[in-house]
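Below is one structure, written out as structure tokens, with a few remarks after it.
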Amino acid sequence: MALFATTTAGSLPKPAWLAEQNKLWPAWKMSGDALAKAKLDATAAAIKLQEDAGIDIVTDGEQSRQHFVHGFLEHVEGIDFARKVEMGIRNDRYKAMVPTVTGALRLRGRVHGAEAKHARAGTQRKIKFTLPGPMTIIDTIADAHYGDRVKMAFAFARLLNAEARALQADGVDVIQFDEPAFNVYMNDVSDWGIEALHTAIDGLTCTTAVHICYGYGIKANNDWKATLGDAWRQYETTFPALAASKLDQVSVECRNSRVPIELLALLKGKDIQIGAIDVATDDIESAEDVAAVIEAAMKVVPKERLVISTNCGMAPMHEDIATAKLKALAAGAALARKRFS
Ligand code: ZN
């Protein structure tokens, strides 16, 4: 790959003809076969949008999932979606009505097979697919079967592994696990969180990544960030454990973030997807803004190890703003390539 290859955290806004816009749980605009076809059309459109913007490693834009966790859970047997209980999520940052695990977990077939094959057939570029991480999944679902949340996490990790292996066989180049919960349950990360990811990546030869993050730019997350103080040092606990892990890449929020950039040095030996686009504001970054994040990261991470990305997913954003931000990302990486090659 060229220096400063670009990608996104994963999700993009959905078009108005597919789903409600600017929502984290958008309702689909159709159902059945029409919905299945529309999801593939939206996947192709998302890839074209990224190609036109100049993004090197493209994603399906998560156009086929209503939500980044439940898009996976919908395909799992052993979950009673009618049995909803209220649960505090991310250590009570928000309350949500979540479904309950009531039996042994099993995949009901492929999760992202259709869109992965469609994406592979539709682009020459490298493709990244995202899956929710085991710790984040069990933080978003109630348990009435396993009686032990870590045991349940490993049960999910085995299902994730089956889908990840199938995605690799579909021709996916990068598989990324989204673990916002890694920023909340810091001790669990080294106790069992990374081991669960190792189960999820077992046998993979493609590039593997974990996205740890401070969340979408929604109010509950922005309010929480305001309580974290001037320097976000959560990563000081988790980066050394991630550096010792078998994962290839770590995706970290860097633009407008209070993560002290020198903490990236704790990820020695890993490739780092640095977030150079803030998804919590509608202000469009300039190419200089993006290049400035790259320049700061280069002081602590060898430049060959940097992949340039967004801070987090763009699902709830306005389409035109997300598009402008993708272009800024590519322009900033191009500027940095010219300046620092
Ligand atoms: Zn994120």
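Each value in this text was obtained by applying a stated rule to the coordinates, not by laboratory testing. Quick caveat: nothing in here was measured; it's all calculated off a predicted structure. Don't worry about glycine lacking a Cβ; one is built from the backbone with ideal geometry, like all the others, and counts go over all protein chains shown.
Odds and ends about this structure:
- Pairs of Cα atoms nearer than 8 Å and 6+ residues apart set the relative contact order; for the range 34-128 it is 33 percent.
- Cleavage-rule hits (GluC sites (Glu not before Pro)) in the range 9-68: DSSP loop, at most 14 neighbouring Cβ within 10 angstrom: Glu20
- Going from the fewest other Cβ atoms within 10 Å to the most, the residues Asp80, Asp278 appear in the order Asp80, Asp278.
- Label zone at Asp230, where the point sits 7 Å out along the Cα-to-Cβ direction: the range 259-275 residues whose backbone N lies under 18 Å: 259-263
- Glu295 paired with Ala244, simple spin-label distance in nm, labels 7 Å along Cα-to-beta-carbon: 3.7
- Which of Thr7, Thr208 has the fewest Cβ neighbours within 10 Å, and the rest in rising order: Thr208, Thr7
- Dipole in debye (nearest 20) - the range 253-341, about Cα centre, beta carbon charges: Lys, Arg +1; Asp, Glu -1: 540
- Estimated dipole of the range 1-80 in Debye, rounded to 20 [Cβ of Lys and Arg +1, of Asp and Glu -1, Cα centre]: 220
- Taking only the alpha carbons of the range 82-150, we obtain Rg and Dmax values of 16.1, 46 Å in that order.
- Order of Ser341, Ser309, Ser245, Ser286 under a 10 Å beta carbon neighbour criterion, fewest first: Ser341, Ser286, Ser245, Ser309
- Residue of Gly229, Gly133, Gly275 that the Gaussian network model of the chain assigns the largest fluctuation, springs spanning Cα pairs under 10 Å: Gly229
- Considering only His145, His118, Trp28, and ranking their Cα positions along the charge dipole of the chain that arises from unit charges at the beta-carbon of Lys, Arg, Asp and Glu, the one farthest toward the positive end is His118.
- The range 32-340, dipole about Cα centre (Lys/Arg Cβ +1, Asp/Glu Cβ -1), debye to the nearest 20: 480
- Per residue of the chain, the DSSP helices (runs of n ≥ 4 H) give a summed -39500 (n - 2.57) that works out to -11000 deg cm²/dmol at 222 nm.
- Principal axes of the chain: Cα extent on each, largest first, Å: 56, 44, 39
- Expressed to the nearest 5 percent, the antiparallel share of DSSP beta bridges inside the chain is 25 percent.
- Each part reduced to its alpha carbon centroid, the range 239-267 and the range 282-316 end up 13 Å apart.
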